[in-house]
Amino acid sequence: MTPVRRAAPDTALHLNVAGIAFQNPLLLAAGTAAYGRELVNVMELEAVGGLVTKAVSLRPRPGAPSPRVAEFPGGMINAVGLANPGLQDVRQHDMPWLAEHVRPARVLVNIVGDAPEEYADVVAGLDDVDVVDGFELNVSCPNVKAGGMEFGADPDTLADVVRGARAATARPIFVKLSPMLPDIALSARVAVDAGADGLTLINTIPGLVVDVDRRRPVLGFGSGGVSGPGLLPVGVLATWRVHQAVSVPLIGVGGVSSAHDALQYMIAGASLVGIGTAALRNPRLPGQIVRDLLHWCTAHDVASLGSVVGTLESPR
């Protein structure tokens with residue numbers, strides 16, 4: 001007799017990551033959900049595990065010239081320039097709205113800066129906001145004081161950024177690393193040793209899309225960050241490598257457009273998975289992925305989805 005397969009309980013998707021209780025592992029990736037308000041009546045924010053806000057810097061940033069976003073057959077390219085209204089405006093106008101509209105979804109605030117100390121200043125400026133569950137440090141930004149090198153590309157500077165932020169808060173800190181780093185596992189160890197509670201893997205890959213009729217870049221800035229389906233195997237590989245190098249929770253981001261994609265990240269070592277480009281194209285997709293993950297748990301008799309994290313077998 002074929003055994004009766006019981007439906008997985010909703011709690012099968014619950015995870016505790018870096019001390020934060022998530023109702024499911026799916027996050028809206030930084031830059032794709034703004035500060036939440038923009039997605040009202042477009043997406044069920046409360047149905048996802050959480051959202052990572054768009055960047056917050058110490059002072060307002062006007063961002064890159066338009067057009068800022070363009071699609072191409074392999075995905076999307078963008079050069080937004082980390083445009084945002086700055087710390088004080090976000091604190092006064094966006095954080096109160098989030099507190100009233102997104103729970104039980106969790107909130108991680110993406111932080112950027114022009115110098116290492118600015119990361120700590122922004123973190124300190126939001127540390128007493130109740131709706132903030134943690135921070136994500138985008139260290140792919142250029143260090144203006146050091147001639148434009150990315151913070152994450154220099155181990156000493158990376159450590160300074162993380163240590164400064166760590167001293168400014170007791171809340172969990174995730175450090176977002178670029179796939180273009182020469183040794184992403186080494187950078188991961190530097191970040192963790194400096195106090196990171198977790199890591200986000202990965203950011204976009206630099207690219208250029210040309211308007212052949214005008215013989216100009218399609219973006220106003222010129223080059224931009226490439227996202228979309230083609231980024232999936234890059235992100236999964238980075239997640240697997242970093243999972244072998246450190247023992248902190250990971251957020252896998254890049255190319256996710258289905259539950260199958262999310263599971264690849266989790267099996268490779270990610271506890272949480274971010275969705276970006278695909279959700280912009282189909283705002284209903286995050287909710288569908290959450291449902292599909294629950295169905296997968298039922299089909300595979302998985303009582304807790306967290307049990308699959310880091311179960312990838314090495315090739316023989």
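Quick one: angle between helix 184-193 and the longest Cα principal axis of the chain, in degrees between 0 and 90, rounded to 10, please. Roughly 90 degrees between the two axes.
Taking Cβ atoms as reference points and 13 Å as the exclusive limit, the residues near Asp127 contribute a net charge of -1, counting Lys and Arg as +1 and Asp and Glu as -1. Taking every DSSP bridge with both residues inside the chain, close to 40 percent are antiparallel. When the charge dipole of segment 144-274 is built from unit charges on Cβ atoms (+1 for Lys and Arg, -1 for Asp and Glu) and taken about the Cα centre, the candidate among Ala159, Pro206, Leu250 whose Cα reaches farthest toward its positive end is Pro206. Taking label positions 7 Å along the Cα-Cβ direction at both Asp292 and Ser247, the computed distance is 3.4 nm, reported to one decimal.
Each part reduced to its alpha carbon centroid, segment 40-89 and segment 156-215 end up 17 Å apart.
If only the Cβ of Lys and Arg carry +1 and only the Cβ of Asp and Glu carry -1, the dipole of the chain around its Cα centre is close to 640 debye. Only the Cβ atoms of Lys and Arg (+1) and of Asp and Glu (-1) were treated as charged; on that basis the dipole of segment 187-316 about its Cα centre amounts to roughly 380 debye. One chain, two ends: Glu38 and Asp10. Fully extended at 0.36 nm per residue, the span grows by 7.3 nm beyond their Cα-Cα distance. Considering the zone a paramagnetic label at Val212 would reach in this model (a point 7 Å from Cα along the Cα-to-Cβ line), which residues of segment 50-82 have amide N under 13 Å from it? Only 73 pass the distance filter. Taking every DSSP bridge with both residues inside segment 86-198, close to 10 percent are antiparallel. The share of alpha-carbon pairs in segment 222-316 lying farther apart than 23 Å comes to 26%. Using the Cβ of Leu272 as centre and a radius below 15 Å, the other residues enclosed give a net charge of -2, where K and R count +1 and D and E count -1. For segment 1-158, the pair-distance distribution built from all alpha carbon pairs, in bins 5 Å wide starting at 0, is 2, 8, 15, 18, 17, 15, 10, 6, 3, 2, 1, 1, 1, 0, 0 percent.
If you wrap the Cα atoms of segment 83-141 in a convex hull and average its projected area over all directions, you get 4.1 nm².
Order these peptides, 48-58, 108-118, 223-233, by their mean beta-carbon neighbour count within 10 angstrom, highest first. Let's see the in-between values first.
Working: 48-58: 25.4, 108-118: 23.2, 223-233: 20.0.
Answer by packing, highest mean first, reads 48-58, 108-118, 223-233.
Which residue, chosen from Gln288, Leu27, Trp97, occupies the Cα position most advanced towards the positive end of the dipole of the chain, where the dipole is computed from +1 (Lys, Arg) and -1 (Asp, Glu) charges on Cβ about the Cα centre? Selected residue: Gln288.
First check a/c for segment 142-259, with a ≥ b ≥ c the square roots of the eigenvalues of its C-alpha gyration tensor; if it is under 1.5, answer rounded, and if not, answer prolate when a/b is larger than b/c or oblate otherwise. Taking the square roots of the gyration eigenvalues as a ≥ b ≥ c, segment 142-259 is oblate. Please compute the net charge surrounding Val102, taking Lys and Arg as +1 and Asp and Glu as -1 over other residues with Cβ under 13 Å from its Cβ. Here the charged neighbours net out to -4. The modelled label-to-label distance between Ala167 and Ala185, using points 7 Å beyond Cα along the C-beta direction, is 3.2 nm.
Bear in mind that the values in this text are calculations on the coordinates, not laboratory data. Just so it is clear, the model here is predicted, and its values are computed rather than measured. Methodologically, a virtual Cβ is constructed for each residue, glycine included, from the backbone with ideal geometry; neighbour enumeration extends over all protein chains shown.
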